[in-house]
Amino acid sequence: MQPQNDVRKQALEQWVGEQLGCAVAGVPASADASFRRYFRFDLGDRTLIGMDAPPEKEDCRPFVQVARLFEQAGVHVPQVVEQDLERGFLLLSVRGTQTWLPLMHADNADTFFNNVMAVLVKIQRASQEELFT
């Protein structure tokens, strides 16, 4: 549950509204094992995710760098639509809500796993290239 006076959420909503040119309200989308929080912004014709990463606790630069690296490697990742690295705010595209598990069954599991392995190889190659550039 979010506190009534969530200053960072309010600042994120104001920033997202400024980027989009309209008033918006975010609803919690998910959290991870860090200080980052994610809020869903439903805009009617599209949905975006606002990421709040308090800069004194999280640095968004590695997130942006890895997203760019994976995208260049041909891996489908959310795009960074807008960023305010100093404040720890990112606005991300949504790649969809469908997960693979409900779609998998005995007849297509090998195809799914082969696709996953191909993506992991792309990530590994891109990560190795990044080390040497």
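The values are calculated or read from the model by the stated rules, or taken from the named source; none is laboratory data. Owing to the predicted nature of the structure, the values given are computational and were not obtained by experimental measurement. All Cβ positions, glycine included, derive from the backbone under ideal geometry; neighbour counts span all protein chains shown. What goes into the accessible areas is simple: the full protein's heavy atoms, side chains included, and nothing from ligands, DNA or RNA. Shrake-Rupley method; radii C 1.70, N 1.55, O 1.52, S 1.80 Å.
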*Kindly check whether there is at least one residue in the range 67-86 that is open to solvent by less than 30 Å² (accessible area, probe 1.4 Å), within 28 Å of Leu120 (Cβ to Cβ) and at pLDDT 95 or above.*
no
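Residues checked against (1) under 18 Å from the mean Cα position of the chain (by Cα); (2) modelled with pLDDT of 90 or more:
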residue	(1), (2)
Pro3	no, no
Gln10	no, yes
Gln14	no, yes
Glu18	no, yes
Ser30	yes, no
Ser34	yes, no
Arg40	yes, yes
Taking the range 87-104 and keeping residues open to solvent by 50 Å² or more (accessible area, probe 1.4 Å), at pLDDT 80 or above and among the hydroxyl-bearing types (Ser, Thr, Tyr) leaves none
The range 1-99: strands (runs of 3 or more DSSP E) wholly inside it with 2 or more residues that are in contact (Cβ under 8 Å) with a residue 60 or more places away in the chain and either touching a helix residue (DSSP H, G or I) at 6+ places or on another chain (Cβ under 8 Å) or under 30 Å from Gln128 (Cβ atoms) (or both) are 80-84, 89-93
Note on Pro55: of the conditions (1) surrounded by 11 or more Cβ atoms within 10 Å (Cβ to Cβ); (2) at positive phi, unmet is (2)
